[in-house]
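A quick write-up on the structure given underneath.
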Amino acid sequence: MNIELELNGVKITRKIPTSWAGPDAVTFGQFIDIEPLQQDKVKVLAYFLGMDNVTLRKARITGLEAILLALGFLNTQPDLSIPEKIMGHPVPKDLAFETIGQYADLRDDLKNTQGMSGLERLKRYPLYCATYACKPYDWQKAEEMKEKFMNAPAGEVLAIGHFTLVKLIGLSAPTKPTSPTPPTRLKKLRQGLTVWVRNTGFMARYYIWRGKQVIAGK
């Protein structure tokens, strides 16, 4: 969304994100940066415009109320559907692991992050995206690629990161011989999580990592 500002008689045009996905999406890097600010739309707007609060308060903004309404997407639920591609890289159906090394490295990373805060765990999500993108798979190569996914739409990174954890936990849980296959189990976990999220009234930033922590705890 393009907005016009006038500061000291000079007109400036800036673009701000207005959704979790698509061409006007907030990037995952921006999502991490505004996480502490989402209760304050003035600070969020200042961040998107690259201004400090003092400067922003002096600026005249065309269509200010419409802009504030557009920022309301921050209080909505991101679409947690796993994308077919992210940053041009194909995403395996149901996030299927293609190598044992990929599974083992992600499993070990999950164990190593048990003591981290919700926000610290969220920062691992670009790495999880990179593990599906690098071909042939190599953990070190994924580490080198992860910064690329900081510029991906936040909703896509959140979906891939979140369901990667769900899948890992599902594969680690004790199962009976007649248990459903991992893809079926993942589908049911996704459906259950979607219903749970839809029925909560919390802000997106809270329920995404809170849901992850609850699932991880189980």
LEU189 at pLDDT below 80, more than 23 Å from SER19 (Cβ to Cβ) and either surrounded by 17 or more Cβ atoms within 10 Å (Cβ to Cβ) or of a type in the set (A, V, I, L, M) (or both): yes
Residue in the stretch 177-184 that is outside the structural domain of SER19 (by TED's automatic domain parsing), assigned to a helix (DSSP H, G or I) and either in contact with a helix residue (DSSP H, G or I) (Cβ under 8 Å, 6 or more places away or on another chain) or modelled with pLDDT of 90 or more (or both) present: yes
Where PHE97 falls short, out of the listed (1) under 29 Å from THR13 (Cα atoms); (2) surrounded by 16 or more Cβ atoms within 10 Å (Cβ to Cβ): (1)
Cβ-Cβ under 6 Å pairs, at least 6 apart or on other chains, the stretch 94-108 side acidic (Asp, Glu), far side in a helix (DSSP H, G or I): ASP94/PRO183; ASP94/LEU186; ASP105/TRP139
Residue in the stretch 118-136 that is charged (D, E, K, R), outside the structural domain of ILE32 (by TED's automatic domain parsing) and either over 24 Å from GLU35 (Cβ atoms) or more than 13 Å from the chain's Cα centre (by Cα) (or both) present: yes
Criterion: surrounded by 12 or more Cβ atoms within 10 Å (Cβ to Cβ), touching a residue at least 24 places away in the same chain (Cβ under 8 Å) and touching a Ser or Thr at 6+ places or on another chain (Cβ under 6 Å) - qualifying residue of ALA25, ALA21, ALA59: ALA25
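The values are calculated or read from the model by the stated rules, or taken from the named source; none is laboratory data. All figures in this text were calculated on a predicted structure; none of them were measured in a lab. Reconstructed Cβ throughout: ideal geometry from the backbone, glycine too, with neighbour counts over all protein chains shown.
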